[in-house]
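> This structure is in structure tokens; I'll ask about it shortly.
All of the numbers you see were taken from the coordinates with simple rules; none came from a lab. If you're wondering where the values come from, they're calculated on a predicted model, not measured in any experiment. Ideal geometry is used to build each Cβ from the backbone, glycine not excepted, and the neighbour counts take in all protein chains shown.
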Amino acid sequence: MYALEVSSRFHNKISHFVDLIAHFMMDPWLTVLSHMIACYVSTIEDLQKPQEKLIDYFLWGPLYMITLVCVFPIGIVGILLWCLLCLICDQEKCTYAKVIVPADNKDSDEKPLAFTLKTNTFTFATANVLLAPEFLSRMNNLKSVYKRAYKIAKHFVDNTGKPLSNVKLFIDDTCEISSKFKSVQPKFPNIDFLCLQEVWTRSSAMILVDQLQQEFSYFLFDVGEFSPSTNYCMLGSGLMFASKRPILEADFKTFTYRVAHAQYTSQGVLCIKVLLYHEGLFRHVGFVTNLHTQAFQGKEPVIMSQLTEVNLFLNIFKKKHTQKTDIVEFDVICGDFNADNMSPADDDVQTHVLLMEYRDVCVARPGEDRHWAIGTELRQWALCDPLFEDPEQFCEALVDDCERRLYVLDADVVVHNRELVTKLVKPDADGYVPEKRYGGMRRIDRILYKRLPRTEVTGYSFVTSLGNLTDHIPVCMTLQTRGCGELAK
């Protein structure tokens with residue numbers, strides 16, 4: 001059996017105790033409030049079966065409302081305590097958890113999780129899992145946040161047990177995959193570093209940690225800066241990180257420029273330094289960045305501003321936390337960029353300095369993706385399709401350039417607005433969905449890497465196993481460093 005050691009966000013025991021009390025009082029009330037509102041929010045599946053929704057309207061909704069009134073005083077006191085903590089107490093920017101082997105179990109045959117074995121192959125994964133309060137999840141046509149969190153974690157654990165190896169590297173450093181049949185896969189590979197977005201609540205994060213500790217040893221969650229001026233003490237960043245390797249350093253920055261709903265969150269960028277292994281006097285380390293930029297920015301240049309902040313903050317982080325005896329094996333950026341490489345609305349992002357400094361292997365050139373790449377933002381109107389429940393069938397649909405358009409947004413976005421949520425593909429005059437260059441190519445979930453000496457991409461995949469558990473297609477990439485990195489200057 002393994003034990004989980006979880007750090008506190010606060011610097012003293014009194015603040016930590018008050019934080020526990022505040023969340024113990026307000027979380028049940030906020031959960032009931034969320035479920036009450038959710039009873040009157042219809043998903044696309046509900047619209048197809050309106051008679052089943054009547055139970056929510058006339059039974060569960062009123063019951064939640066009565067419960068809400070009964071626990072109202074407790075909930076309000078908890079919220080006031082939390083706001084007071086945010087106002088007067090310094091907090092860490094994330095919660096750190098580590099899986100440890102108890103002293104009485106160290107001699108067991110179980111594999112120890114805290115290891116620093118020398119290896120030269122590392123696999124990264126990024127996924128937007130949309131684990132929001134229930135009513136927000138339903139507004140995005142997804143239900144049952146806690147059940148989904150459990151199932152999502154199970155899929156990450158139930159992997160192939162192997163890294164990816166489907167990329168062919170040419171002499172000009174071009175990465176190629178023979179076809180979409182090789183790049184779209186039904187199961188996750190064996191992942192070393194997992195970057196998640198939209199894990200909005202502590203309870204969802206703890207469900208993930210509880211299941212993921214079978215595969216990962218180190219976690220960062222509940223990431224964000226909470227204050228009246230930053231996010232009105234409401235939602236954090238939604239970022240989460242899981243690693244098989246020890247975390248040496250981590251820092252987070254909330255984006256300065258945010259609009260609309262993002263002002264009530266702490267969306268930003270999380271930078272992490274991980275220990276790979278020791279070799280004599282040298283430490284072999286890697287840098288992993290997890291980010292989530294603004295959704296529905298409209299005509300404002302929000303994403304451009306946020307990517308500039310990412311570039312500046314990441315450079316500061318690396319300069320501050322890199323020692324002379326560190327050998328940097330990789331420098332990787334994962335996340336939901338909310339911008340693709342082909343849409344007219346993202347022309348400015350396609351040539352941003354960050355995307356010039358870091359490489360996206362799916363990009364042939366700005367404005368054009370490689371033939372084996374696909375989009376990652378799903379059409380929410382299609383989430384209730386039974387096809388999503390079978391990863392193999394979902395794979396078959398995604399590799400078809402016509403059929404994929406039924407399930408994945410086209411990369412023809414002109415303005416980032418909420419119409420993207422309900423956008424449908426238009427058939428031609430004969431009633432067929434034609435193949436288009438931009439069809440089903442809205443690829444906003446990315447993994448970038450910095451070119452370092454003898455660092456090569458050996459695998460890349462779009463994974464269908466999460467199906468209708470989220471509205472994004474996860475992305476995975478395997479890097480091979482060949483034991484040779486960049487010595488810190």
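> Roughly how big is segment 1-98's charge dipole about its Cα centre, with Cβ charges of +1 (Lys, Arg) and -1 (Asp, Glu), in debye to the nearest 20?
160
> Further, regarding this structure: Lysines within cross-link reach of Lys53: Cα-Cα under 23 Å, excluding same-chain residues under 8 positions apart?
Lys143, Lys147
> Lys319 to Val71: extension gain in nm, 0.36 nm per residue of separation minus the Cα-Cα distance?
Contour length minus the Cα-Cα distance gives 84.3 nm.
> If you don't mind, there's one more thing I want to ask. Where does each of Ile247, Ile303 land when they are ranked from fewest to most other beta-carbon atoms within 10 angstrom?
Ile247, Ile303
> Between Phe170 and Tyr146, how many nm apart are label points set 7 Å from Cα along the C-beta direction?
Calculated label separation equals 5.3 nm.
> How far apart, in nm, are the 7 Å Cα→Cβ label points at Glu52 and Ser229?
A separation of 4.9 nm, rounded to one decimal place.
> Within the chain, which whole H helices from DSSP have a Cα span along their axis of at least 30 Å and a mean Kyte-Doolittle hydropathy of -1.0 or more, if any? Don't jump to the answer; show the numbers that get you there.
On the way: long enough: 13-38 (36 Å, 0.88).
Once both thresholds are applied, what remains is 13-38.
> Also, I was wondering about something else. Of Arg365, Arg283, how do they rank once you tally other Cβ atoms within 10 Å and put the fewest first?
Listed from fewest to most nearby Cβ atoms, that is Arg365, Arg283.
> Per q in 0.07 1/Å, what log10 I(q)/I(0) does a Debye calculation on the alpha-carbon atoms of segment 95-487 return?
The Cα Debye sum returns log10 ratios of -0.29.
> So for the chain, taking the charge dipole from beta-carbon charges (+1 Lys/Arg, -1 Asp/Glu), which of Phe221, Met25, Thr455 sits furthest toward the positive end?
Of Phe221, Met25, Thr455, it is Thr455.
> To make sure I understand, if each residue's beta carbon is the centre and we count other beta carbons within 10 Å, what order do Ser343, Ser178 fall in, fewest to most?
Ser178, Ser343
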